[in-house]
Amino acid sequence: MNVKVAELMASSVVTVKDTDSIGRAKELVTEHAIGAIPVTAPDGEVAGIVSAKDLVGESDDDAQVAEIMTSPVYTIPQNNDVHHAARLMRNHKLHHVVVTHEKQIVGILSAFDLLELVEEHRFMMKQAPTARKRASRRQ
């Protein structure tokens, strides 16, 4: 079964502009109980991401989000299989990845969303490679 990113992502995404204040981002994280907020540029494209961890500590609440956001951002198209998202997140040690369609934000996928597959048994185990297959890969 090939599960698509669009099937698991949160599609109602809270965003901030790169010019919004850090205080505003903190309010949104608390109000919506979320772990990350995509940051948008004036053209609506993804400019960065701010995690709840980025907002903890001694930062000037009046400063702009652009000062603390992570950029560039790893994104994934909504029609990709979730195993691509899982690999991206594992390889880059990400807890969230922004989901896009034609460079516009359409969702966000968290590690917890991926755990839903395990919880619901919506994944298929691959058979371990046999000794013969492992030997042929080495050549």
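The values are calculated or read from the model by the stated rules, or taken from the named source; none is laboratory data. The shown structure was predicted, so the numbers you read here are calculated from the model rather than taken from an experiment. Counting neighbours? That spans all protein chains shown, and the Cβs are built from the backbone with ideal geometry, glycine included.
For the residues T40, T70, the requirement of being touching a strand residue (DSSP E or B) at 6+ places or on another chain (Cβ under 9 Å), of a type in the set (V, I, T) and more than 19 Å from S12 (Cβ to Cβ) singles out T70. The condition of being under 30 Å from E120 (Cβ atoms) and touching an Asp or Glu at 6+ places or on another chain (Cβ under 7 Å) holds for only one of M89, M9, that being M9. Taken as a whole, the condition of being surrounded by fewer than 19 Cβ atoms within 10 Å (Cβ to Cβ), part of a helix (DSSP H, G or I) and touching a strand residue (DSSP E or B) at 6+ places or on another chain (Cβ under 8 Å) applies to L88. Within the bounds of segment 29-41, is there any residue that is modelled with pLDDT under 95, farther than 23 Å from D113 by Cα, outside any loop (DSSP other than H, G, I, E, B) and not hydrophobic (A, V, I, L, M, F, W, C)? No, there is no match, as no residue in segment 29-41 is modelled with pLDDT under 95, farther than 23 Å from D113 by Cα, outside any loop (DSSP other than H, G, I, E, B) and not hydrophobic (A, V, I, L, M, F, W, C). If the condition is being touching a helix residue (DSSP H, G or I) at 6+ places or on another chain (Cβ under 8 Å) and either aromatic (F, W, Y) or crowded, with 16+ Cβ neighbours inside 10 Å (or both), then segment 92-105 contributes L94, H96, V97, V99.
Residue under question is K53, and the condition is that it be among the basic types (K, R) and either part of a helix (DSSP H, G or I) or in contact (Cβ under 8 Å) with a residue 24 or more places away in the chain (or both); does it hold? Against the criterion (among the basic types (K, R) and either part of a helix (DSSP H, G or I) or in contact (Cβ under 8 Å) with a residue 24 or more places away in the chain (or both)), K53 qualifies. State yes or no: is G44 at pLDDT below 90 and within 14 Å of I105 (Cβ to Cβ)? Here the answer is yes, as G44 does meet what is asked. L115 fulfils the conditions (1) of a type in the set (A, V, I, L, M); (2) surrounded by 14 or more Cβ atoms within 10 Å (Cβ to Cβ); (3) out of contact with any Asp or Glu (no Cβ under 9 Å at 6 or more places or on another chain) except for a single criterion, (2).
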